[in-house]
Amino acid sequence: MLTPAFAEQLRATLAGIDQAGLLKREHVLTTPQRARVEVGAGRPVLNLCANNYLGLADHPAVIAAAHAALDRWGYGLASVRFICGTQAIHKELEARLSAFLGTEDTILYSSCFDANGGLFETLLSADDAVISDELNHASIIDGIRLCKAQRLRYRSNDPADLAARLEEAAGARVRLVATDGVFSMDGTIADLGGVCDLAERHGALVMVDDSHAVGFLGPRGRGTPEACGVAGRVDLVTGTLGKALGGASGGYTSGRRELIALLRQRSRPYLFSNTLAPVVAAASIAALDILDRSTELRDRLEANTRFFRAELTRAGLTIKPGTHPIVPVMIGDAALAQKVSARLLERGVYAVGFFFPVVPQGAARIRTQVSAVHTRDDLAFAVEQFAAVRREFEL
């Protein structure tokens, strides 16, 4: 029962969040996810805040595969994998992901959050150690909290500090280094070459969450291991089907055969959650088909990203340096970031403000994300609007 005192405590907490300018408000889309969307009953606006990196969320081939899957496989399995929740389409997707990523085996989850949540507890015991980059995604942090292993953090992308933490955990039976492939708030790509070098020197395993890279980073879009030249040296890769690979839902862990085999036996989100809907599995296979046929979409995304970053800089905006299609426009103050975001929406650009606790205090930003389906005119229009709000708010 919700007591009056607790209800008042909740109201006070929410009021405090609002007064600090930190209240998150959801905008309701009345169109499919695409380059231009309608927010509420408003006119179409340019969408710069989706993870739809390759524009596959409403790709005709992906949608057609989803329609066909409903007729062939049904809506859902109403069960978990080891009881009666595995269809041939799930095994096909796992095999396709393994081939795409160049790994030995893959296991599907309902989300990458679940993949990370079910990883560390299954593989590591109190005799082991996990060493995590300080900027890792919340799902890695929460997954590590569930395991009994010794927990250490290293300064982000800092090889010297990682080396020190590996030395500190030298007595552990197994040491696992965990890092994002791309740190999603900044668009910074992890130094996987340095991570793998140190891990091999110390006999440690490497795990990478590649959710913001698979499908478009690297010459063939295989993600940060390919982009950093360490394909085959990473032991475990987790990722999502909900960003570049179609944009719906679902996740996976891919890597060494023995590790995946143990996850199938003991990973709790896999054993106790319904399996991925077959329609998502079929649409994800269609997305992989598109990427296997051509690198056209990832090439277009790369070119769009270079153009957008250069033009924002030329217009006087402060952005986080890099090459990733996540392009944070730095604002600083949380309340100001909210105002800038609202003004951009009025001017036809949908871009959301990020602030504490998602990013550190004083580091609020508008996190923009480029897509392959943005045209140069779209991106030039966005730069024009950012330049206008820069003048208006004296950024």
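Quick notes
- Derived scalar couplings ³J(HN,Hα) [segment 115-132; Karplus, 6.51 cos²θ - 1.76 cosθ + 1.60; whole Hz; x for Gly, Pro]: 4, 6, x, x, 8, 5, 4, 6, 8, 10, 10, 5, 7, 10, 9, 10, 10, 10
- Thr103 sits among other residues whose Cβ lies under 13 Å from its own Cβ, and their net charge, with Lys and Arg +1 and Asp and Glu -1, is -2.
- Taken over segment 2-70, the ratio of Cα radius of gyration to 2.2 N^0.38 Å equals 1.74.
- In sequence order, calculated HN-Hα J values of segment 8-16 (Karplus, 6.51, -1.76, 1.60; Hz; x Gly/Pro): 5, 4, 5, 4, 5, 5, 5, 5, x
- Å² per residue, accessible surface of segment 61-103 at 1.4 Å: 54
- Per residue, the solvent-accessible area of segment 139-291 (1.4 Å probe, heavy atoms of protein chains only, all protein chains present) comes to 37 Å².
- Fraction of accessible area attributable to carbon and sulfur, segment 164-203 (%, probe 1.4 Å): 44
- Taking the chain as the region of interest, the number of lysine pairs whose Cα atoms are within less than 26 Å, with members eight or more places apart or on different chains, is 6.
- Accessible carbon and sulfur surface of segment 275-394 relative to its total accessible area, %, 1.4 Å: 52
- Long-range HN-HN contacts of Thr238 with modeled amide H, under 5 Å: Val208, Asp209, Asp210, Ser254
- Surface share of carbon and sulfur [accessible, 1.4 angstrom probe, percent] for segment 214-257: 47
- Near Asp292: Cβ cut-off under 10 Å, other residues only, Lys/Arg at +1 and Asp/Glu at -1. The net charge is +2.
- Between Ala164, Ala244, Ala190, the Gaussian network model of the chain with springs among Cα atoms under 10 angstrom shows the greatest mean-square fluctuation at Ala164.
- For the chain, calculated [θ]222 nm from helices alone, where every DSSP H run of n ≥ 4 adds -39500 (n - 2.57): -13000 deg cm²/dmol
- Taking a ≥ b ≥ c as the square roots of the eigenvalues of the alpha-carbon gyration tensor, segment 316-395 is classed oblate because a/c is 1.5 or more while a/b is no larger than b/c.
- Cα gyration tensor, segment 86-151 - rounded (a/c under 1.5), prolate or oblate: prolate
- Residue-by-residue Karplus 3J(HN,Hα) for segment 362-370, coefficients 6.51, -1.76, 1.60, Hz, glycine and proline x: x, 10, 4, 7, 9, 8, 9, 9, 7
- With all protein chains in place and ligands, DNA and RNA left out, the 1.4 Å accessible area ranks Phe354, Phe183, Phe272 as Phe272, Phe354, Phe183, largest first.
- On a per residue basis, segment 329-395 carries 42 Å² of accessible surface, using protein heavy atoms and a 1.4 Å probe.
- Volume per residue of the C-alpha convex hull in the chain, rounded to whole Å³: 165
- Only Cα pairs under 8 Å and 6+ residues apart enter the sum, and on that basis the relative contact order of the chain stands at 21 percent.
The values are calculated or read from the model by the stated rules, or taken from the named source; none is laboratory data. This is a predicted model, so every value here is computed, not measured. Heads up, the Cβs are rebuilt from the backbone with ideal geometry, glycines too, and the neighbour counts pull from every protein chain shown. What goes into the accessible areas is simple: the full protein's heavy atoms, side chains included, and nothing from ligands, DNA or RNA. Shrake-Rupley method; radii C 1.70, N 1.55, O 1.52, S 1.80 Å.
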